[in-house]
Amino acid sequence: MVRATPAALPDPAPTSPPLHGYRGEEVPSIRPPRGLTVAISREAGARGGRVARRVGQLLGWQVFDQEMLGYLVQSESAKAELLADVPPEALAWAELEHARQLDARHLGGGDQTELLRLAFVLAAKGEIVLVGRGVGELLPAATTVNVRVVAPLTQRIAYFSQWLRLTPAEAEIEVAARDRVRSALQIALVGSDPADLAQYDLLLNSGRLGEAECAELIAQAVRVKQLPPDSADPFLPPNGAGDDEPV
């Protein structure tokens, strides 16, 4: 009896090697700011913008005032150049924080929300000075020196009178109007009242100290925040002396 020989089974089709560790499209990691940001809020006529420029000169940092930020909002080419200089993981942090703020404050689109986004992008980049809108309240406290610059009303009126060639009465109206607009914009965009002093690291009176001295104090605050976390507090006595003193 002849037994039938079973037909040979075909070789299994070759398979592609498994893609070990593949998790889909690459998503950039998120990195909070590493460099510091100086954020300056100011009363109208307190010369906060001039103080900011002095700070930029002392630290070698770029200064972004409202005029510069407005230009970036309107210019796509300038904005693209700025974004190209920000690491992807820092940009991812900025976009996430911006989205959170839009959701928390129920903000829609428009120039003001784009200005807020740029503030987060600049903070992610680090080593910059931001002027206006009180955005320092929204940035990480550990990497932000949040400053309020004030001055006596009479000096602010005199400054506007000279700068805009107004009568004292006209300058007083102008100062009050600008203060109202700035306060309303900060409350709407950031959700904090400029008059709430607890939000600031420094409150500086440019009328008493002068522009140069205000800038020096801000630069010193930056240097203190740049110290390692375990460094001794430069404002406390050594070796814990005076720990029992009342506060």
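Brief remarks follow.
- Residues that are buried (at least 19 other Cβ atoms within 10 Å of the Cβ) and outside any helix (DSSP H, G or I) are absent from segment 104-125 altogether.
- Top-ranked residue in segment 80-120 [being of a type outside the set (Gly, Ala, Ser) and within 15 Å of Gly136 (Cβ to Cβ); ranked as modelled with the lowest pLDDT]: Gln101
- Among the candidates Arg178, Arg165, the residue that is at pLDDT 95 or above, among the basic types (Lys, Arg) and within 28 Å of Gln57 (Cα to Cα) is uniquely Arg178.
- Matching residues, segment 137-162, being out of contact with any strand residue (DSSP E or B) (no Cβ under 7 Å at 6 or more places or on another chain), surrounded by fewer than 20 Cβ atoms within 10 Å (Cβ to Cβ) and at pLDDT below 95: Pro140, Ala141, Ala142
- Tally of residues being aromatic (Phe, Trp, Tyr) and either touching a helix residue (DSSP H, G or I) at 6+ places or on another chain (Cβ under 7 Å) or under 18 Å from Gln186 (Cβ atoms) (or both) across segment 44-70: 1
- Among the residues examined, Pro28 does not qualify as closer than 28 Å to Ala195 by Cβ and modelled with pLDDT under 85.
- Residues of segment 136-184 that are more than 22 Å from Ala123 (Cα to Cα) and touching a Phe, Trp or Tyr at 6+ places or on another chain (Cβ under 7 Å): Leu166, Ala171, Glu174, Val175.
- Whichever residue in segment 52-67 is over 17 Å from Gly126 (Cβ atoms) and surrounded by fewer than 19 Cβ atoms within 10 Å (Cβ to Cβ) and, among such residues, is modelled with the lowest pLDDT: Gln66
The values are calculated or read from the model by the stated rules, or taken from the named source; none is laboratory data. Here the structure is a predicted model, which is why all the values come from computation and not from measurement. A quick note on method: Cβ atoms are made from the backbone with ideal geometry, for glycine too, and the neighbour counts reach across all protein chains shown.
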